[in-house]
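The values are calculated or read from the model by the stated rules, or taken from the named source; none is laboratory data. These numbers come from a predicted model, not from an experiment. Counting neighbours? That spans all protein chains shown, and the Cβs are built from the backbone with ideal geometry, glycine included.
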Amino acid sequence: MSDIVLGTFNAKYIHVSIGLRYIFANLKELKNRTVIKEFVVNSQVRDAVEVILKENPKIVGIGTYIWNANEVAEFVEIIKKVAPHIIIILGGPEVSYTPHRVDFSGANYFIQGEGDNAFYELCRSILDDDAPKEKIIKAKRVNLNEIELPYKYFNNEDISHRQCYVEASRGCPYLCEFCLSSLDKKVREIDIDKFLKEIEILWNKGVRSFKFIDRTFNQNVTTANKLMDFFLLKEPPYFIHFEVIPDNFPESIKQRIKKFPPSSLQLEIGIQTLDKKISKNIYRKLNLKKIKENLEFLDNETKSHLHVDLIIGLPGESIEQFGKNLDLLYSMTKGEIQLGVLKKLSGTTMSRHDKKHGMIYSNKPPYEILQNTLITFEMMQKMKRFTRFWDMVYNSGNFKKSILYIFKSSKVYDNFFAFSNWIYTQTESTWKISLDRLSHLIFRYVTEVLHIDEEEFKRVLIDDISTPTRRRLPKFLIVEIENKRVTKKSNIFNKRQIKHLE
């Protein structure tokens, strides 16, 4: 049994909460009275309550995020009904800014800001019977070089089966209105030598997949180069994910990126819009010339895998302009294009656009836009389905050759929009569509709607399916295939990258 339980609901089992481990690492003498319990959002909240109550805790701290806000609210409600004596402390981005659009009012305390030190101080005062009367605790920003780093607290299960998140810095120097990181305008870095010693410990424990949560990996060129040098000296296979700004690739960074082997380096590049007027209106820096040059370099001279982001529903941007953005971005990169719908997060300044552009958002997580003066609710629904089917068909890498038939002879956006509308009429759903069924739907669309010869497209679809990472042929495609054999190719880190490489 433990006096303190640290918990959260992760989006997936494979995710590890770095936030909880930061807090645990800095609990000082309270560590041996504390345990971490993690759950996933699709698990039963009551089961999580049962697990935590077995510890008979005095204090429960829960990491609260946009993806688990509803689960946390239900958790608080149940705990306060069945064990009202337990002190509940909520922290994380979802409770650090107001208004709270989910009812967390049953919690005893909210830590707003960085909880690395503040959680310890609050627990210490509670256990010493000197609990503060204020419900909201305003945490100070920590000195990253004075707190203990969390990596030694990744256990064997984390290392063997889950995604290890790491950070070399916090904050972002940019002012993009839709992003909470813009509120922390100064980038604070962890001493790079100290950080690399910690990463070396993880490497020696067997970690080979590192997802950096830094907002601007390549903002400090010296640090970026040292991080890349660390991994380039290691023996592959390994998988590294960095979030990068698209217009800062000096020659020293370029030369290092070129050295990474296939499927080892993934770069997430936030574009969001290619319209200069829209970009300026949300305080987002946009250098189209540099973006085009750097995407061309990354695609043609490196083996890195790209995730390039666009947002639907930005204030003042029509669907027609979004379509032009998508067409242009498709022409600029071979990487995945991640499409998302605009969200309004508490703490940002997006509300200033509401009246002028008729911005109406859902009050339920993830607070996505429902409509505005340029995009009706009906169209926004269609675009949400568009993004889902885009990820299933284009981004998945399962249909690299087949997708070209859908894009053929016209614009990418227009063609995929027509396909998206058609496939929804067949499924009336965007979820629980098996890969075999999706293959058949694509086959029907291309042959029945686009009138492509069946035998011709069968060969294309078989070729997509028969590459080394694919599964067996679906029944409707079982034919005699000369010199074709469907095999499987294993990769412990990122099968999706392998699909794109092929």
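It is to be established whether one or more residues within segment 271-284 are hydrophobic (A, V, I, L, M, F, W, C) and surrounded by fewer than 19 Cβ atoms within 10 Å (Cβ to Cβ). Full working, then the answer.
Of all residues in segment 271-284, those hydrophobic (A, V, I, L, M, F, W, C) come to 271, 274, 278, 282.
Checking the rest, the ones that are also surrounded by fewer than 19 Cβ atoms within 10 Å (Cβ to Cβ) come to none.
Looking through segment 271-284, none of the residues is hydrophobic (A, V, I, L, M, F, W, C) and surrounded by fewer than 19 Cβ atoms within 10 Å (Cβ to Cβ).
Assessment of segment 12-33 against the conditions (of a type in the set (Ser, Thr, Tyr), in contact with a Lys or Arg (Cβ under 8 Å, 6 or more places away or on another chain), surrounded by fewer than 22 Cβ atoms within 10 Å (Cβ to Cβ) and not assigned by TED's automatic domain parsing to the domain that holds residue 214) yields at least one matching residue. Tell me yes or no: at least one residue of segment 175-188 is within 21 Å of the chain's Cα centre (by Cα), hydrophobic (A, V, I, L, M, F, W, C), surrounded by 20 or more Cβ atoms within 10 Å (Cβ to Cβ) and within 17 Å of residue 220 (Cα to Cα). Scanning segment 175-188, I find no residue that is within 21 Å of the chain's Cα centre (by Cα), hydrophobic (A, V, I, L, M, F, W, C), surrounded by 20 or more Cβ atoms within 10 Å (Cβ to Cβ) and within 17 Å of residue 220 (Cα to Cα), so the answer is no.
Yes/no matrix, rows are residues, columns are (1) buried (at least 18 other Cβ atoms within 10 Å of the Cβ); (2) modelled with pLDDT of 95 or more; (3) over 16 Å from the mean Cα position of the chain (by Cα); (4) within 23 Å of residue 460 (Cβ to Cβ):
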position: 334; (1), (2), (3), (4): no, no, yes, yes
position: 337; (1), (2), (3), (4): yes, yes, no, yes
position: 340; (1), (2), (3), (4): no, yes, no, no
position: 347; (1), (2), (3), (4): no, no, yes, no
position: 358; (1), (2), (3), (4): no, yes, yes, no
position: 372; (1), (2), (3), (4): yes, yes, yes, no
position: 377; (1), (2), (3), (4): no, yes, yes, no
position: 380; (1), (2), (3), (4): yes, yes, yes, no
position: 389; (1), (2), (3), (4): yes, yes, yes, yes
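Filtering segment 6-40 to residues that are within 26 Å of the chain's Cα centre (by Cα), of a type outside the set (S, T, N, Q) and in a strand (DSSP E or B) leaves 6, 7, 9, 15, 36, 37, 38, 39, 40. Could you check, for segment 201-223, whether at least one of its residues is among the acidic types (Asp, Glu), surrounded by 15 or more Cβ atoms within 10 Å (Cβ to Cβ) and closer than 27 Å to residue 89 by Cβ? Within segment 201-223 (the criterion being among the acidic types (Asp, Glu), surrounded by 15 or more Cβ atoms within 10 Å (Cβ to Cβ) and closer than 27 Å to residue 89 by Cβ), the answer is yes, since at least one residue qualifies. Whenever a residue of segment 393-407 is at positive phi, its partners that are among the charged types (D, E, K, R) and at pLDDT below 95, lying with C-beta atoms within less than 9 angstrom and at least six residues away or across chains, give the pairs 397/495; 397/496; 397/499; 397/502. Is there a residue being surrounded by fewer than 17 Cβ atoms within 10 Å (Cβ to Cβ), assigned to a helix (DSSP H, G or I), touching an Asp or Glu at 6+ places or on another chain (Cβ under 9 Å) and not hydroxyl-bearing (Ser, Thr, Tyr) anywhere in segment 100-110? Checking segment 100-110: not a single residue is surrounded by fewer than 17 Cβ atoms within 10 Å (Cβ to Cβ), assigned to a helix (DSSP H, G or I), touching an Asp or Glu at 6+ places or on another chain (Cβ under 9 Å) and not hydroxyl-bearing (Ser, Thr, Tyr).
Can you say whether residue 264 is farther than 27 Å from residue 15 by Cα and buried (at least 17 other Cβ atoms within 10 Å of the Cβ), as far as the supplied structure shows? Considered against the rule, which asks whether it is farther than 27 Å from residue 15 by Cα and buried (at least 17 other Cβ atoms within 10 Å of the Cβ), residue 264 comes out as no.
If I ask for residues that are on the phi < 0 side of the Ramachandran plot and either touching a Ser or Thr at 6+ places or on another chain (Cβ under 9 Å) or assigned to a loop (DSSP other than H, G, I, E, B) (or both), which ones from segment 344-360 would you list? Let's see the steps before the verdict.
Of the residues in segment 344-360, the ones on the phi < 0 side of the Ramachandran plot are 344-346, 348-357, 359-360.
Within segment 344-360, 344, 345, 346, 348, 349, 356, 357, 359 meet the criteria.
Please determine, by comparing only the residues of segment 72-95 that are surrounded by fewer than 22 Cβ atoms within 10 Å (Cβ to Cβ) and in contact (Cβ under 8 Å) with a residue 40 or more places away in the chain, which one is nearest to residue 47 (Cα to Cα). Per the criteria, the residue is 87. Pairs are defined by a Cβ separation below 8 Å, a sequence spacing of at least 6 or placement on different chains, a first member in segment 280-291 that is in the same structural domain as residue 317 (by TED's automatic domain parsing), and a second member that is loosely packed, with under 14 Cβ neighbours inside 10 Å; the pairs so defined are 286/276; 286/280; 288/276.
Can you find a residue that is within 16 Å of residue 210 (Cβ to Cβ) and part of a helix (DSSP H, G or I) anywhere in segment 260-270?
Applying the first criterion (within 16 Å of residue 210 (Cβ to Cβ)) to segment 260-270 yields 260-261, 263-268.
Narrowing further to those that are part of a helix (DSSP H, G or I): none.
No, every residue in segment 260-270 fails to be within 16 Å of residue 210 (Cβ to Cβ) and part of a helix (DSSP H, G or I).
Scanning segment 428-469 for residues that are part of a helix (DSSP H, G or I), surrounded by 15 or more Cβ atoms within 10 Å (Cβ to Cβ) and among the β-branched types (Val, Ile, Thr) gives 442, 446, 447, 460, 462, 465. A count restricted to segment 223-259 and to residues that are more than 20 Å from residue 172 (Cβ to Cβ), out of contact with any Asp or Glu (no Cβ under 9 Å at 6 or more places or on another chain), assigned to a loop (DSSP other than H, G, I, E, B) and in contact (Cβ under 8 Å) with a residue 12 or more places away in the chain stands at 5.
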